[in-house]
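Heads up: the structure comes next, in structure tokens.
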């Protein structure tokens, strides 16, 4: 089989997987995903919290997210500190959880996360620059430093090779920008063809096994490379394949 025929065969398979996965009920109590909690609220700020804590075992992620009182985003700093003093998740201590809630509360008091993102995005249609804008705002609005917190919100990124893939941020953008039976589409004015795949271990490994990704290093450059391949399948909506690729890996189908 020629490389072209092989790619066409893979595209056909992925198109079929997208149709099969893009349905109400695909995410449920038995097939969990962090968007399971986010979808309950359909709020950009709550969704960002869900996305940033989306690492590790999915059952533990959802359990932790379910333990959070998101109404605290309208509470005073002292109320947030008191209510979250016993909340922690893996690398994040209670101080890190508290810092995120206070920073996001302060951010959305004056402008939306969407507007902050667009300040960076609109210059070069760069989602990375948009993410950098949000990270900078979070750090500016509440000064807090720790290893766990820096991991949680990520660093401002100016390079692609050897840097983190910004997986949780890219997943958040997918939720916000795309709209189907999986993603919520809460934002407007951001082109879904500019999105970059939320590269995790599943999509990284599946991408390599299917020949969609040649780069061997797990970094932002690999995410961009895989996105470019998927853009050749659908130039307007390359990330429509993301959830299907993720499930193929998660369920050990590929």
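The values are calculated or read from the model by the stated rules, or taken from the named source; none is laboratory data. Computed from a predicted structure; not experimentally measured. Neighbour counts run over all protein chains shown; Cβ positions are idealised from the backbone, glycine included.
Only residues that are farther than 22 Å from residue 90 by Cβ, in contact with a helix residue (DSSP H, G or I) (Cβ under 6 Å, 6 or more places away or on another chain) and in a loop (DSSP other than H, G, I, E, B) were counted in the range 133-156, giving 1. If the condition is being in a loop (DSSP other than H, G, I, E, B), touching a residue at least 24 places away in the same chain (Cβ under 8 Å) and buried (at least 22 other Cβ atoms within 10 Å of the Cβ), then the range 205-254 contributes only 212. Please enumerate the residues belonging to the range 182-204 that are modelled with pLDDT of 95 or more and either assigned to a helix (DSSP H, G or I) or surrounded by fewer than 18 Cβ atoms within 10 Å (Cβ to Cβ) (or both). Hits for the range 182-204 are 185, 186, 188, 189, 191, 192, 193, 194, 203, 204.
Scanning the range 157-177 for residues being assigned to a loop (DSSP other than H, G, I, E, B) and surrounded by 20 or more Cβ atoms within 10 Å (Cβ to Cβ) gives a total of 2. Can you tell me which of (1) under 22 Å from residue 64 (Cβ atoms); (2) free of Cβ contacts under 8 Å to residues at least 40 places away in the same chain; (3) in contact with a helix residue (DSSP H, G or I) (Cβ under 7 Å, 6 or more places away or on another chain) is the one residue 94 doesn't meet? The number of the failed condition is (3).
Total residues in the range 40-63 satisfying the condition of being under 15 Å from residue 29 (Cα atoms) and assigned to a helix (DSSP H, G or I): the figure is 7.
For the range 93-121, filtered to residues that are surrounded by 22 or more Cβ atoms within 10 Å (Cβ to Cβ) and either farther than 15 Å from residue 49 by Cβ or modelled with pLDDT under 95 (or both), the residue that is nearest to the chain's Cα centre (by Cα) is 117.
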